[in-house]
1. Looking at residue 50, is it crowded, with 18+ Cβ neighbours inside 10 Å and not hydrophobic (A, V, I, L, M, F, W, C)?
2. Can you give me the number of residues within the range 131-147 that are within 15 Å of residue 25 (Cβ to Cβ) and in contact with a Phe, Trp or Tyr (Cβ under 6 Å, 6 or more places away or on another chain)?
3. Looking at the range 159-171, is at least one residue surrounded by 11 or more Cβ atoms within 10 Å (Cβ to Cβ), at pLDDT 90 or above and among the hydrophobic types (A, V, I, L, M, F, W, C)?
4. Suppose we filter the range 7-57 for residues that are more than 15 Å from the chain's Cα centre (by Cα) and farther than 26 Å from residue 89 by Cβ; how many remain?
5. Would you point out which residue out of 16, 25, 4, 63 is without any contact (Cβ under 8 Å) to a residue 24 or more places away in the chain, part of a helix (DSSP H, G or I) and touching a Ser or Thr at 6+ places or on another chain (Cβ under 6 Å)?
6. From 56, 69, which residue is at pLDDT below 90 and either under 15 Å from residue 120 (Cβ atoms) or not basic (Lys, Arg) (or both)?
7. Taking the options 133, 116, name whichever one is over 23 Å from residue 152 (Cα atoms), at pLDDT below 90, in a helix (DSSP H, G or I) and not acidic (Asp, Glu).
8. Looking at (1) in contact with a helix residue (DSSP H, G or I) (Cβ under 9 Å, 6 or more places away or on another chain); (2) at positive phi, which one does residue 30 not meet, given that it meets all the others?
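The values are calculated or read from the model by the stated rules, or taken from the named source; none is laboratory data. Computed from a prediction, not measured in an experiment: that's the story for all the values here. Every residue, glycine among them, receives a Cβ derived from its backbone with ideal geometry; neighbour counts consider all protein chains shown.
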Amino acid sequence: MAGLKRFLILLILLLLSFFLQVVILPRIPGLTAVPNLMLISVICAGFLYGKGTGLGMGIFAGLILDTLGTGIPGFYTLILSVLGYVNGMLSERIESELILILFALFALNEAVFHAYVYLLAFLIRKHFTFTAYLNSVVLPELMLSLIAFLIIYGILIYLSKRWDLRVNKGEIRVV
């Protein structure tokens, strides 16, 4: 039963993240960047629930983003599934309550994601210089994404404790 609850929570989180990231947040006047809520959802799922869940969330989130038409089939699916899986592997070694380590880990994930996007989407086509991409896209998005990460991660921890969902390492139950 906990597995079904967790699946439904993560599915709702992913669909809500997609809707907010693509439809709502870009329409807010004065907002210079949009937090990468899909990446945050994948990282949180992988870190809280392990590599299988992180991989599954990464594949599903990537397929949703790839349907928007990046031009390269599987572009987002590849990077999000890898990041979900790697964060799931890290969850076995890092405690889920060490928030400073999680912030640093999230910033590293964001950097890897943007390096991947920059190399495969912009550098090959010679659209952006790296400093322009860093200043106009990466840094503003990182600041908003760190705040959103803290909120989403806190909500998932709360729901895991409230509904007795299995968190990390498989055998630990949060009561």
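1. Numbers: crowded, with 18+ Cβ neighbours inside 10 Å: yes; not hydrophobic (A, V, I, L, M, F, W, C): yes.
Judged against the criteria, residue 50 is a match.
2. 0
3. Checked the range 159-171: no residue is surrounded by 11 or more Cβ atoms within 10 Å (Cβ to Cβ), at pLDDT 90 or above and among the hydrophobic types (A, V, I, L, M, F, W, C).
4. 11
5. On the way: 16 fails: touching a Ser or Thr at 6+ places or on another chain (Cβ under 6 Å); 25 fails: touching a Ser or Thr at 6+ places or on another chain (Cβ under 6 Å); 4 fails: touching a Ser or Thr at 6+ places or on another chain (Cβ under 6 Å).
Testing whether each residue is without any contact (Cβ under 8 Å) to a residue 24 or more places away in the chain, part of a helix (DSSP H, G or I) and touching a Ser or Thr at 6+ places or on another chain (Cβ under 6 Å) leaves just 63.
6. Numbers: 56 fails: at pLDDT below 90.
Only one candidate passes the filter, namely 69.
7. Details: 116 fails: at pLDDT below 90.
So the residue among 133, 116 that is over 23 Å from residue 152 (Cα atoms), at pLDDT below 90, in a helix (DSSP H, G or I) and not acidic (Asp, Glu) is 133.
8. (1)
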